[in-house]
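Only one structure is covered here, and it is reproduced in the block below.
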Amino acid sequence: MDLSRWLAAAAAANAEWAESYGPFEPHPALAVDDERFAAAFGRLTERLTDNYPFFHPRYAGQMLKPPHPAAVVGYLTAMLINPNNHALDGGPATAAMEREVVGQLATMFGYDTHLGHLTTSGTIANLEALYVARELHPGKGIAYSTEAHYTHGRMCRVLGVAGHAVPVDDRGRMDLDALEALLRREDIGTVVLTAGTTGLGAIEPVHEALALRERYGVRIHVDAAYGGFFTLLAGDLGIPAEPWRAVARADSIVVDPHKHGLQPYGCGAVLFQDPAVGRFYLHDSPYTYFTSEELHLGEISLECSRAGASAAGLWLTFQLLPPTADGLGRVLAAGRRAALRWAELIEESDRLRLFQPPELDIVAYFAGDSLAGIDEASNRIMHAGMTDADDPVFLSTLRVGAERFARRHPKVTGGADGARILRSVLMKPEAETYVENLHRRIERLATQSIG
Ligand SMILES: *Cc1c(COP(=O)(O)O)cnc(C)c1O
């Protein structure tokens, strides 16, 4: 699709709709002439060149990529109206779209019943899930693994709940024996399992943790902010089916459409299996709801104002690339195949070593033999790659403690209490045809960096 054409169509559709309300006098205080605009716009585009090329497969660093053009057009078209999805009065159309896309997400995870909404981010979505968890189990703690997103610990402090970090196994997944020991020892109300850890993309054993829910009466929350859409590939391309099938039985789920759902930032989602938890959101605002007795999204969310445009962007994207195996699943499958191929290339390499086999589309690797040497090499490779004007490559690093390292690579020791390794999130489907270049480029940088 031609982005310029559809951006113009968005402006035209908005103008046509606006005209139907009749003319009025624009206020001179808001007037900006094209010449001044052009100058300011020039300064903006100039400043924006100070960015990394997130769109290009040479950028193989953090979880960053531009939204799909359909998301851009959907977002912009709605943004010209600027609905607020807090209340039906703030934007009936986008509130309806939000209900539809949330329903599609619930279906994707296999929920039969649900209550849910979009949020500004995965952090806020998890906060909502933990807030409901606290209301249901007041005074009890929340457990998550040491590889869980750092915001779980932070939000436990915000909520005044004791947070407990559970050790992980040698693939970076919650150790369920350690969890069970904690459940026996402490008063825990909720366990957070991460389906796709942010660092390594490890999928924690949701299916096995469910047995503990019955035994210890805990809630199970699945943080799938990053990994959630990989449920579309469950049982395929080496992605195990059991944990994803089990997600359907979790009490709550978080997924971020602004990570793997092709959306711009400002789009997370939280889903609850039991719609009755809506009662914890009751409030009595004298000014927000007036046109309808129907449930407003603001009555089931902690946030007040939220961009209706986010719902429109996701809705339009799902019309074209629905959250199904042959829709969005094809996009994720390409990144997954790229990760598998790269892992093979690294295994054959005498320069680079795989930190652990990729479980999703994140590849973690290193060069060097000792912790100190690996740390130094990661730093040099990343900087040399980013600053090469002719053939740049953009990577990210992940810090790994000595013990965590030794569990995977017993011979790697010495010189430091840990090391930075290299980490590439292959979240663009274009990585599939580019991965051999990426590999060769990084092998060359490794040769230059460590001689
Ligand atoms: C990214 C991420 C979060 C935080 O989400 P934001 O949208 O960045 O606020 C939480 N959990 C996991 C597993 C994540 O990958």
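The values are calculated or read from the model by the stated rules, or taken from the named source; none is laboratory data. Since this is a predicted model, take the numbers as computed values, not measurements. Note that we place each Cβ from the backbone using ideal geometry, even for glycine, and neighbour counts take in every protein chain shown. Calculation scope for accessible area: heavy atoms of the full protein, side chains included, ligands and nucleic acids excluded. Shrake-Rupley method; radii C 1.70, N 1.55, O 1.52, S 1.80 Å.
Quick notes on this structure:
- Sum of -39500 (n - 2.57) over DSSP H runs of 4+, divided by residues of the chain (222 nm, nearest 500): -13500 deg cm²/dmol
- Each label point was placed 7 Å from the Cα along the Cα-to-Cβ direction; for TYR52 and ALA211 their separation is 4.1 nm.
- Whole-percent carbon and sulfur share, accessible surface of segment 328-450, 1.4 Å: 47
- Overall form of segment 328-450 per C-alpha gyration tensor (a/c, 1.5; a/b vs b/c): oblate
- Residue-span extension gain [ARG407 to GLU344] - 0.36 nm each, minus C-alpha spacing: 20.6 nm
- Estimated distance in nm for a label pair at ALA93 and ASP390, the labels positioned 7 Å out from Cα along Cα-to-Cβ: 5.2
- Percent accessible area from carbon and sulfur atoms, segment 77-320, protein chains only, probe 1.4 Å: 52
- Within a straight-line Cα-Cα reach of under 21 Å, LYS65 can be paired with the following lysines, leaving aside sequence neighbours fewer than 8 residues apart in one chain: LYS259, LYS428.
- Summed over the residues of the chain and divided among them, the accessible surface reaches 46 Å² per residue at a probe radius of 1.4 Å.
- Cα centre as origin, Lys/Arg/Asp/Glu Cβ charges: the chain dipole, Debye: 1080
- Charge sum, other residues only, whose C-beta stays under 15 Å from ASP388's C-beta, Lys/Arg counted +1 and Asp/Glu -1: +2
- At the residue level, MET79 shows approximately 90 square angstrom of accessible surface with a 1.4 angstrom probe and all protein chains present.
- Simple spin-label estimate for GLU186 and ALA372 gives 3.6 nm between the two label positions (7 Å along the Cα-to-Cβ direction from each Cα).
- Extension gain, ASP284 to LEU7: 0.36 nm times the residue separation minus the Cα-Cα distance gives 95.7 nm.
- Neighbour net charge for THR194 - beta-carbon separation under 12 angstrom, K R +1, D E -1: -3
- Positive contributions from Lys and Arg (+1) and negative ones from Asp and Glu (-1), summed over other residues with Cβ under 11 Å from the Cβ of ALA333, come out at -1.
- Within the chain, longest stretch clear of exposed trypsin sites (Lys or Arg not before Pro) (DSSP loop, no more than 16 other Cβ within 10 Å): 1-170
- Restriction of the chymotrypsin sites (Phe, Trp or Tyr not before Pro) in segment 94-168 to DSSP coil positions whose beta-carbon has at most 16 other beta-carbons within 10 angstrom yields TYR150.
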